[in-house]
1. Quick check: net charge around GLU42, other residues with Cβ under 14 Å of its Cβ, Lys/Arg +1 and Asp/Glu -1?
2. So what's the net charge close to ARG80: Lys and Arg +1, Asp and Glu -1, counting the other residues with Cβ under 13 Å from its Cβ?
3. Can you give the helix-only mean residue ellipticity at 222 nm for the chain, where every DSSP H stretch with n ≥ 4 adds -39500 (n - 2.57) and the sum goes over all residues, rounded to the nearest 500 deg cm²/dmol?
4. Dipole size in debye (nearest 20) for the chain around its Cα centre, Lys and Arg Cβ +1, Asp and Glu Cβ -1?
5. Which three extents, in whole angstrom, do the alpha-carbon atoms of the stretch 31-91 cover along their principal axes, largest first?
Amino acid sequence: MDDHSDDPRLKRLQFRAWHRGTREADYMIGCFFDRFHAEWGEAELAWFEALIEEEDVEIMGWALGTIPVPEHYAGPLMARMQVLDYVDIPR
C-alpha cells in the first residue's frame, strides 16, 4: 500500500478500502483503490467515497456481476472494477 500521509482524504479512503471486514473485500476494494486512485479526479474520488459506504456483499456482487449494478454506480469505474485484474493476493 502507498503512503498517503500528505493527503488526509486519500489516507482515509485507503484505510476504508483496506479495512472492510473480510479478506476478500479488502483485496478487491483495497487493490482497486491502490491501483487506480492516482488517475482519479474529483468526480472519481467522490464516486469511490460513496461506493465504500455500501455493504461489502453489494460491492463484491456488482464487481463480480452476480447482482445488477445500481444506475448511480454504473459507468467506467464500475466497468473497470469488474475486470478484476488489479487484485494482487500475496502468496
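1. -3
2. In short, -2.
3. Taking each H run of at least 4 residues, the total per residue is -12500 deg cm²/dmol.
4. So the magnitude is around 200 debye.
5. Computed over the stretch 31-91, the largest-to-smallest principal extents equal 35, 28, 19 Å.
Coordinate-derived values only; no laboratory data. Being a predicted model, the structure only gives us computed values, none of them experimental. When we count neighbours, we look across all protein chains shown, and the Cβ atoms used for this are built from the backbone with ideal geometry, even at glycine.
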